[in-house]
1. Scaled to the compact-protein estimate 2.2 N^0.38 Å, what is the alpha-carbon radius of gyration of chain A, rounded to two decimal places?
2. Could you work out, residue by residue across A:198-205, how many beta carbons of other chains sit within 10 Å of that residue's beta carbon, and then give the average as an integer?
3. Which one of A:204, A:257, A:241 is farthest out on the positive end of the charge dipole of the range A:196-328, using unit charges on Cβ (Lys, Arg +1; Asp, Glu -1) and the Cα centre as origin?
4. What do you reckon, how do A:140, B:301, A:174, A:95 stack up by accessible area (1.4 Å probe), largest on top?
5. Quick one: pull the percentage of alpha-carbon pairs in the range A:184-326 with a separation above 20 Å.
6. How big is the accessible area of residue B:7 in square angstrom, nearest 10, if you roll a 1.4 angstrom probe over the protein chains?
7. What's the average, rounded to a whole number, of partner chain beta-carbon atoms within 10 Å of each residue's beta-carbon in B:258-271?
8. Mind checking which of B:102, B:263, B:88 is farthest towards the positive end of chain B's charge dipole, using Cβ charges of +1 (Lys, Arg) and -1 (Asp, Glu) about the Cα centre?
Amino acid sequence: MGVSVEEKKVLLKVDQLKQYFPIKGGFFGRTINHVKAVDDITFHIYQGETLSIVGESGCGKSTTGRAILRLDEPTGGSIHFQEKDLLSLGKKEMRKTRKDLQVIFQDPFASLNPRQTIGQILGEALAIQNVVPKENRKSRIEELLGHVGLRPESMERYPHEFSGGQRQRIGIARALAVDPKLIICDEAVSALDVSIQAQVLNLLKSLQRKFDLTFLFISHDLGVVRHISDRVMVMYLGKIVEIADKKSIFEQPQHPYTRALLSAIPVPNPVQERERILLTGDVPSPIDPPNGCRFHTRCPFVMDICKTQVPELKRSAQNHQVACHIVS
Amino acid sequence: MKQFDEKILEVKNLQTYFFTDEGTSKAVNGISFTLNKGETLGIVGESGSGKSITSLSLLRLIQSPPGKITGGSILFKGEDLLTKTEKQMRSIRGNEISMIFQEPMTSLNPVYSAGEQIAEAIRLHQKLGKKEAWNKAVDMLRLVGIPSPEKRAKQEPHELSGGMRQRVMIAMALACHPEVLIADEPTTALDVTIQAQILELIKTLQKDFGTAVILITHDLGVVYETCDRVAVMYAGKIVEYTLAKEIFTNPKHPYTIGLLNSLPRLDMDQEELTTIPGTVPSPYNMPKGCSFAPRCAHAKRICEQAVPDLQSTGPSTQVSCWMFTPQWEQDHDVQEKVGV
């Protein structure tokens, strides 16, 4: 936001990332096939921006987030964070690097230990990364709770005493505890009611300004994505179909899938009548994805070339890349 | 504007309470609405507003104890469902009034095929042989747009995708041509492109069968695109009851306005979202007056002292807010909000 082209610094660079999960079966539990959750994707994130990944279930958006944190070991490709190759790091070094890479999960009920007080939960994060000396931790925790709009007394309480929105604030405080550079928000506001969701979105935006944070924001909700992002990346069945600035993706979507996705969202706007592109059928299985363009089985504009040749992600306009034979 | 004037369902002052160790929770606290033949009524609200308990109450599916319908009446074609015996209710459920739930995986039986489950529902209410019921089940699957229905009918739920399972649920719910269909968050668990397909399907089937639909949702966009009228619920009460289009162009209740403002917009940029301060009050500790008063920017003393009634503010709009009553102007004491 407000960063000119020359000043933009790449914080994270993902190259030809592949994440296959083996399917075991047969007599001896051999690997009989793979789920190609993420299949050869390349993108980067600039310092201080919010890049969103959108797509429907099974498109690989969460897997991408997990691969960057190495919560799953990627099958191929490389991930560079500030020039450092994350995939070549040993366990110990990776743990150190995770100080800079934090994550906020969707379900604030499942991601906090019910038997620890909030003070213990946040204290643990500080202790593991050892960013604050022991004697200062209590005041640091109070400060963190202040940042996310919770009272210092919350420290003594347990997760079940908080509402969903408050728990998500605790999750954010935990991510902030170690002064990270990049925070991966995996469906961080999806479980919240709209009025609470708005509060948490505003909080994330103000924290980003205050601490110069970079967000990788994973979501299926395009309204939320439009609100928070600088750039948007659309995924379908393990592939990137389009990456562009927020403005151009919402105003001039080029890939037929992006267009269908945008038109499928019910919008409460009486002024704007839209034409709906209704896709037929379901998303194919990622075990045996279609040849050529993976979207060709549902695409209303399908051509012969789409069935055989995989379209490359190509620049189609300023800050706009699309993988589609029609556009190129 | 379509005209709907034949009442099929009339709910009057419905109250469903839960009696627990922590106290009494008035989950549905005196709500009234009507449903006309062929129309779609949306019930919107956030978690804990009582919208799902309302739908379960209509079919008398509240688990008792701890829950109990403690008052009011539910008139279905003029007869009160609350006075029916359990046996009479069973012949109404799934036959005259059907329901679809949010999570099709948990409401389908995992060990029976899709076709068997639909056929079972048909045979419960109609005198049909096994073979005939099966054929009808296959017809229903075709109707809801499942490709190769003969094959799919033999498959078990785990072999179907989420969108297809929801189609099976719809097929089952509509198999007996019910007059009322209650859809409780039918598309919440689905992806947007599949959601668009399912909403379109419900709309077409409604037109073909003339079914009246109650659509329970938290998504205002869904309301706008599918409903004729809408009731907004907050803390067990209806706060606004009006035409679906009206609620977006001319919302009245401060809660409705707050809800609309906190939606991130797809059609314009906003630097910051307007939020509703605070959270929903605990059901065991409701405020004495209007339950929205502690979060409302306009609240006066009267709001904290007495509960406002649902009153007409126009030909098809009802609002429960003191702002729209004569008493409002007389109350000059604007409360200072502390900590909001």
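The values are calculated or read from the model by the stated rules, or taken from the named source; none is laboratory data. These figures come from a predicted structure and were not determined experimentally. When we count neighbours, we look across all protein chains shown, and the Cβ atoms used for this are built from the backbone with ideal geometry, even at glycine. What goes into the accessible areas is simple: the full protein's heavy atoms, side chains included, and nothing from ligands, DNA or RNA. Shrake-Rupley method; radii C 1.70, N 1.55, O 1.52, S 1.80 Å.
1. So chain A has a normalised radius of gyration of 1.05.
2. Working: counts 12, 7, 2, 6, 6, 1, 0, 3.
Across A:198-205, the average partner-chain Cβ count within 10 Å equals 5.
3. Highest projection toward the positive end goes to A:204.
4. Output order, biggest surface exposure first: A:95, B:301, A:174, A:140.
5. Details: 5556 of 10153 pairs.
It works out to 55 percent of all Cα pairs.
6. Accessible surface of residue B:7 is approximately 120 Å².
7. 6
8. After comparing all options, I get B:88.
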